[in-house]
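Everything below concerns the one structure shown next.
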Amino acid sequence: MSIKSTIQNLTLRAKVRKANRFRRVCGMSEAKSVGMVCFFEEEQQWKELQKAVQQFQSLGAKVMVLGFYSGKVKPLWYVETMNMVMCSLHEFGLTGIPKGQKTEDFLNERFDILINCDLESHFTTDYVCKLSPSGFKVAIDTEENRKHFDLLIKMEDRNLNLFVEHVLFYLSSFKSGR
């Protein structure tokens, strides 16, 4: 384990211990706010995620997407909107710990549903998702995610389109009984 990874993990562990959230099951039809965290490597991932965003918006939910990319320059296919923002990993300095106004704004939101759309488990997406005070958190099923997420989707093939379909299917099945 590198020094950078050690610093990242110690920082995250300390902040997770202090984090406070009220867990609450929330179905797709009851959600008034949805947060999505992603790591984008190609345009197709962006397009697949936009379908899910539109589906939640059609049900009246306010959707915010925080995306990360590894390059120094924003991808040409990305168009920033008020509810979809992206950050370069290079913005986070030597430690790679997410910071900045966009990340802070996202972390201050208490979403009804938070979906971690990063299927490869990058530190930046894990950091934001684990520290989010959101009521119901969804992610791919991994040993580490079992400690921090409420709904886990088991996937043999790491395919974002299929993951989003499964998330939408299961969330549409839940009724919170408010």
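Taking amide H as placed 1.01 Å from N in the peptide plane, residue 87 has its amide H under 5 Å from the amide H of 67, 68, 69, each at least 5 places away in sequence or on another chain.
Hey, what did region 67-155 get for relative contact order, percent, Cα under 8 Å, at least 6 apart?
On the way: 116 pairs, mean separation 18.8, N = 89.
In percent, rounded to a whole number, it is 21.
Are any of the pairs 4/62; 102/175; 18/102; 18/99 more than 28 Å apart by Cα-Cα distance, and if so, which? Pairs exceeding 28 Å: 4/62; 102/175.
Using alpha-carbon pairs under 8 Å, 6+ residues apart, how would you state the relative contact order of the chain in percent?
On the way: 288 pairs, mean separation 51.3, N = 178.
It rounds to 29 percent for the chain.
With the Kirkwood sum run over all distinct C-alpha pairs, the chain has a hydrodynamic radius of 16.5 Å. With the charge dipole of the chain set up from +1 on Lys and Arg Cβ and -1 on Asp and Glu Cβ about the Cα centre, the Cα lying farthest toward the positive end among the listed residues 69, 34, 132 is that of 132.
The charge dipole of region 71-144, taken about the Cα centre with unit charges on the Cβ atoms of Lys, Arg (+1) and Asp, Glu (-1), comes to about 300 debye, rounded to the nearest 20. Residue 54 sits among other residues whose Cβ lies under 12 Å from its own Cβ, and their net charge, with Lys and Arg +1 and Asp and Glu -1, is +1. Using just its DSSP H runs of length 4 or more, each adding -39500 (n - 2.57), the chain gives a mean residue ellipticity at 222 nm of -11000 deg cm²/dmol after division by all residues.
Here each label is just a point 7 Å from Cα along the line to Cβ, and for residue 6 and residue 143 those points are 2.1 nm apart. Of the accessible area of region 68-153, computed with a 1.4 Å probe over protein heavy atoms only, carbon and sulfur atoms account for 55 percent.
Roll a 1.4 Å probe over the protein chains and send me the accessible area per residue for the chain in Å². Don't skip to the answer; put the middle values down first.
Working: 9510 Å² over 178 residues.
Computed with neighbouring chains in place, this is 53 Å² per residue.
Membrane-span-like helices of the chain, defined as complete DSSP H segments with a Cα extent of 15 Å or more along the helix axis and a mean Kyte hydropathy of at least 1.0, are identified as 160-173. What a 1.4 Å probe finds exposed on region 1-52 is 52% carbon and sulfur by accessible area, rounded to a whole percent.
Checking Cβ-Cβ separations below 4.7 Å across the chain identifies 26, 87, 129 as cysteines lacking any candidate disulfide partner.
The values are calculated or read from the model by the stated rules, or taken from the named source; none is laboratory data. Since the structure is predicted, the reported quantities are computational estimates derived from the model, not experimental observations. Positions of Cβ are generated from backbone atoms using ideal geometry, with glycine treated the same way; all protein chains shown enter the neighbour counts. When the accessible area is computed, the model is the full protein with side chains, heavy atoms only, and any ligands, DNA or RNA have been set aside. Shrake-Rupley method; radii C 1.70, N 1.55, O 1.52, S 1.80 Å.
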